[in-house]
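The values are calculated or read from the model by the stated rules, or taken from the named source; none is laboratory data. Please read all numbers here as calculations on a predicted model, not as lab measurements. Neighbour counts are summed over all protein chains in view; Cβ atoms, including those assigned to glycine, are modelled from backbone coordinates with ideal geometry. Heads up: the accessible areas ignore ligands, DNA and RNA and are worked out on the full protein's heavy atoms, side chains in. Shrake-Rupley method; radii C 1.70, N 1.55, O 1.52, S 1.80 Å.
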Amino acid sequence: MKLNWKYASIAGAIVMAAAAPLPASAQTVSAASPDTIAAVLTARGLPSELKQQPDGNPYIRSAFDDMPFLIALMNCDAQKAQCKTVQFYFGFNDRKGFALEKLNEWNRTKRFARAYLDTENDPVLVMDVDTDMGGVPKAVFNENLDVWLGQMQQYRRFVSE
């Protein structure tokens, strides 16, 4: 059998490219490393403050366009570390008893972020991102953050109508 050197060269180049280290811009973001999430927020000019809930679960407090929001680090181990997922969270505490029909309308007509009434009857918006299995590329996390920020702006208008 005769080896086609042209295809062998291309295959070798592909193997070499796959083995090369990723550039800094392709770093991953992971709930297991909250500092990677904080770095994305800071690079976007958003505040980032790592906090803990009373039960020890970690979260990041941030804000965008005068709207405070949280990024809860979830599915953590027993030591409240090595988290696997994040949940973006945005809520109103001055809209008690917001109509369920309106929230159902949001959930029926929008994608990615879901709305509900929390245990205090406040309308909230949440969006989950899975960063398990080594994290997600920074560009993917940034795209999810873009979606989240856009959804927050739309939800603020929706709840204020």
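Between Gln52 and Asp66, the contour length at 0.36 nm per residue exceeds the Cα-Cα span by 2.8 nm. Spin-label model, Ala39 to Tyr116: label points 7 Å out along the Cα-to-beta-carbon direction sit 3.3 nm apart.
Close amide H pairs (under 5 Å, H built 1.01 Å from N) link Thr131 with Ala31, Thr85, Val86, residues at least 5 positions away or on another chain. Estimated from the Cβ-Cβ distance and a Förster radius of 22 angstrom, the FRET efficiency linking Asp128 and Asn107 is about 0.95. Along the axis of the charge dipole computed for segment 22-161 (Cβ charges of +1 for Lys and Arg, -1 for Asp and Glu, origin at the Cα centre), the listed residues Cys76, Thr109, Phe88 are led at the positive end by Thr109.
Placing +1 on each Lys and Arg Cβ and -1 on each Asp and Glu Cβ, with no other charges, gives segment 98-161 a dipole about its Cα centre of roughly 280 debye.
With kT/(6 pi eta Rh) evaluated at 20 °C and eta = 1.002 mPa s, and Rh the Kirkwood radius from Cα pairs, segment 56-161 diffuses with a coefficient of 146 µm²/s according to Stokes-Einstein. Figure note: Met127, Met74 ranked by solvent-accessible area, largest first, 1.4 Å probe, ligands and nucleic acids not counted: Met74, Met127.
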